[in-house]
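J.: Could you have a look at this structure, given as structure tokens, before my questions?
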Amino acid sequence: MNVMHPPFVHFVVALPFVAFFSQFTYMVTKDKAYSKAAIRIIGFALLVSFFAVISGLNDAEKIVTGHSIIQEGMNALGNHKLFGFTVVAILLLTTVVKWFAISKNSAVLENVSMVLIVIALMTSLYQGRSGGSIVYQYSGGIEGKVVMQRVSEQQK
């Protein structure tokens, strides 16, 4: 099964970490270059998250139509899909607030940005864990014969 979702989601998980360190460095040094780097990084995470959602929807369709998932994983797949949109919304909000913080030169909005970056980081980590469980616990995206072998092993 050819899946496109995993390469994109790794960026969505990793980039908020980098934005966090950039924003933290800004808050310690007050060097605007770090603040500007943080918005570029979180903005790139937002852009990649759109590709992650599109590829995720496409890959989920392949998984569901090919029955390449253990039945209990269907609920997890639905929750993962819904929470994926939540991650995109949080990244969008974070990017907008961060942009206003830089535009208005607002220390308060910079602090709010830091909180939002942490929230984006935590939600993307949770979402990554959820996606991992779909693959490793429920066999989502794994070839059908492997899934059938796992189902027979579970029934023993």
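J.: Excluding residue 130 itself, what net charge comes from residues whose Cβ is under 15 Å from its Cβ, given Lys and Arg +1 and Asp and Glu -1? Don't skip to the answer; put the middle values down first.
T.: Details: positive: 81, 129; negative: 59, 72.
Overall, the nearby charge balance is 0.
J.: On to the next question. Putting +1 on Lys and Arg Cβ atoms and -1 on Asp and Glu Cβ atoms, find which of 22, 42, 76 reaches farthest to the positive end of the dipole of region 12-83.
T.: Value computed over the given set: 22.
J.: Mind putting a number on the dipole of region 5-155 about its Cα centre? Charges go on the C-beta only, +1 for Lys and Arg and -1 for Asp and Glu, and I need it in Debye to the nearest 20. Write out the running numbers ahead of the final one.
T.: Details: 11 positive and 7 negative charges, 102 e Å.
The dipole magnitude comes to about 480 debye.
J.: What is region 5-155's relative contact order, in percent, from Cα pairs under 8 angstrom and six or more apart in sequence? If you can, show how the numbers build up before the last one.
T.: Details: 162 pairs, mean separation 47.1, N = 151.
Over region 5-155, the number comes to 31 percent.
J.: Describe numerically, in nm with one decimal, the distance between label points set 7 Å from Cα along Cα→Cβ at residue 57 and at residue 93.
T.: Each label point lies 7 Å from its Cα, and together they span 2.2 nm.
J.: In addition: Using the alpha-carbon centroid of each, what span in Å lies between region 87-156 and region 1-79?
T.: 6
J.: Same structure again: Can you pull the Rg over Rh of the chain, Cα-only, Kirkwood? All intermediate terms of the calculation are to be shown ahead of the outcome.
T.: Details: Rg = 18.5 Å, Rh = 16.6 Å.
On the Cα set of the chain, Rg over Rh gives 1.11.
Only the coordinates and a few stated rules stand behind these numbers; no lab work does. From a predicted model like this one, the values you see are computed outputs, not experimental measurements. Cβ atoms come from the backbone with ideal geometry, glycine included; neighbour counts cover every protein chain shown.
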